[in-house]
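The values are calculated or read from the model by the stated rules, or taken from the named source; none is laboratory data. What you see is a predicted model, and the numbers here were worked out from it, not measured in a lab. Cβ atoms come from the backbone with ideal geometry, glycine included; neighbour counts cover every protein chain shown.
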Amino acid sequence: MNDFLYKDQQLWCENIPVSQIAEEVGTPFYLYSHATLRNHFRVFAEAFAKVPSIICFAVKANSNLAVLRVLIAEGGGVDIVSGGELYRALQAGVEPGKVVYSGVGKRVDEIEYALRSGILMFNVESLQELEVINRCAQNLGVSAGIALRVNPDVDPKTHPHISTGLKENKFGIDIERSLETYRHARSLQHLDIRGVSCHIGSQVTRLSPFLEALERLSLLVHQLKREDFDIRYVDLGGGLGITYNQEMPPHPSEYAKAILETSRDLDCTFIFEPGRVIVGNAGILVTRVLYTKSNDNKNFIIVDAGMNDLVRPSLYNSFHAIRPVIEENRKEIIADVVGPICESGDYLAKARKLKDFHRGDLLAVFSAGAYGFTMASNYNSRPRIPEIMVREDQYYVVRRRETYADLISHEEIPAFLKNKAISRTGK
Ligand SMILES: Cc1ncc(COP(=O)(O)O)c(C=O)c1O
Ligand SMILES: N[C@@H](CCCC[NH3+])C(=O)O
């Protein structure tokens, strides 16, 4: 299901031409389709409708309040990795009982905030963290729901920077040592051991790594149950990939079918933490061509969005399809699409076959709904760009464009410098 479609040589989002939004809000901006977001969530949730399950959207993929609200209104929970993400999710109206908290470096204040909020469980990633959570729960006079995030040592066959389930990665507790860690957890009095969790990596485009991890996890769950641990939740993390270019990832229904077949006898509530598969193709980045030039027979298309707005190409050399917002009959050229940032690594596409774009043309950078705005920065003192959500024939500014004043709003010149006269002579 996709609500970004061309009609009469124009790109539309649901029932609005993208060019109309560009004229009214200026460029660059992120654009999300409400219908696509909701449909992606529904497809995923329906795939697991026959078993007890909670779909905890990974907030890191897109933490805009309106986006979270759409998914929460559909019955979703959230997977968070920081106090800030918890705050956002609570503001968006999440039920605390549908919040799982992952991450290798949870601080005491964040743990206490999560305990006070009454989240479902912490996915604990080390022995020391287990003890810290126990102590925090004791201090607050509560019991902390926990699962151990085990590292199953499975190769997800994705980009090395986004692979998380191999022994060499910093994530989780080695599955070989997990049983002894569970036994230790049982000796800590302020913990309620609720589950087992794992997350092997992101943009995974085959089923086999998920199933391999699940098989290892199942053995552990059975062993824990034999030892009378009350394991009620199995959290299989996120990671299901999407099509950026030619990838053919399994559909959520195939993913669900394979998982349910492999885990028939587990008798637990499943938790999933999908991020990219829900929001990735529900968003685009719209940017305008500032200039074109050729150096040494190489063509550059310089646009007004940079690596500070969308860092994925620079960071992972990842592919995002780039198409004109208004199609015109132009010849094709090979060009780099680059941003205005003072870094050679600032590009959105390299050596890409594209229409011969001209100054002023609008471009759509596809598959930008996940890890787009959430990874944006103010580098080069560029105000962060707005996020727009379309619903049918209306659009809503769900995050306004930052201003120059926003850029310095957290900074202060100390009095000793303020009172100092400014030398105008350069001496
Ligand atoms: C613990 C955890 N859960 C869920 C996700 C979401 O992953 P994805 O966006 O690939 O579905 C991630 C990121 O990879 C993660 O680290
Ligand atoms: N930021 C990554 C995904 C990392 C997933 C984090 N667990 C991306 O843009 O693809």
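Please find, within the stretch 14-43, the residue that is surrounded by the fewest Cβ atoms within 10 Å (Cβ to Cβ) out of those that are aliphatic (A, V, I, L, M) and out of contact with any Cys (no Cβ under 8 Å at 6 or more places or on another chain).
The initial filter retains those residues of the stretch 14-43 that are aliphatic (A, V, I, L, M), namely 16, 18, 21-22, 25, 31, 35, 37, 43.
Checking the rest, the ones that are also out of contact with any Cys (no Cβ under 8 Å at 6 or more places or on another chain) come to 16, 18, 22, 25, 35, 37, 43.
Working: 16: 19, 18: 23, 22: 21, 25: 18, 35: 18, 37: 25, 43: 16.
Per the criteria, the residue is 43.
Candidates in the stretch 109-164 are the residues that are assigned to a loop (DSSP other than H, G, I, E, B) and of a type in the set (A, V, I, L, M, F, W, C); of these, the one that is farthest from ligand 2 (Cβ to nearest atom) is 142.
Out of all the residues in the stretch 330-359, which are assigned to a strand (DSSP E or B), in contact (Cβ under 8 Å) with a residue 24 or more places away in the chain and of a type outside the set (D, E, K, R)? It would help to see each step written out before you state the result.
Filtering the stretch 330-359 for residues assigned to a strand (DSSP E or B) gives 332-338, 347-355.
In the following step, the residues that additionally are in contact (Cβ under 8 Å) with a residue 24 or more places away in the chain were identified as 332-338, 347-350, 352, 354-355.
Of everything in the stretch 330-359, those that are assigned to a strand (DSSP E or B), in contact (Cβ under 8 Å) with a residue 24 or more places away in the chain and of a type outside the set (D, E, K, R) turn out to be 333, 334, 335, 337, 338, 347, 348, 349, 354.
Checking each residue in the stretch 172-199 for being assigned to a strand (DSSP E or B) and either away from ligand 2 (no atom under 16 Å from the Cβ) or modelled with pLDDT under 95 (or both) picks out 173, 174, 191, 192, 193, 194, 195, 196.
Could you identify the single residue in 127, 188, 179 that is more than 30 Å from residue 313 (Cα to Cα), surrounded by 14 or more Cβ atoms within 10 Å (Cβ to Cβ) and under 27 Å from the mean Cα position of the chain (by Cα)? Reasoning before the result, please.
Details: 188 fails: under 27 Å from the mean Cα position of the chain (by Cα); 179 fails: under 27 Å from the mean Cα position of the chain (by Cα).
One residue alone meets the criteria, 127.
Remark: residue 73 matches the filter, which requires a residue to be surrounded by fewer than 22 Cβ atoms within 10 Å (Cβ to Cβ), within 24 Å of residue 40 (Cβ to Cβ) and without any contact (Cβ under 8 Å) to a residue 24 or more places away in the chain.
The residue pairs whose first member lies in the stretch 39-54 and is under 24 Å from residue 101 (Cβ atoms), whose second member is basic (Lys, Arg), and whose beta carbons are closer than 9 Å, counting only pairs six or more residues apart or on different chains, are 54/98.
Within the stretch 237-259, take every residue that is crowded, with 20+ Cβ neighbours inside 10 Å and away from ligand 2 (no atom under 14 Å from the Cβ) and give me the one that is nearest to residue 174 (Cα to Cα). For the stretch 237-259, the residue satisfying everything is 259.
Within the stretch 1-16, the set of residues being in contact (Cβ under 8 Å) with a residue 24 or more places away in the chain and more than 28 Å from residue 57 (Cβ to Cβ) comprises 6, 9, 10.
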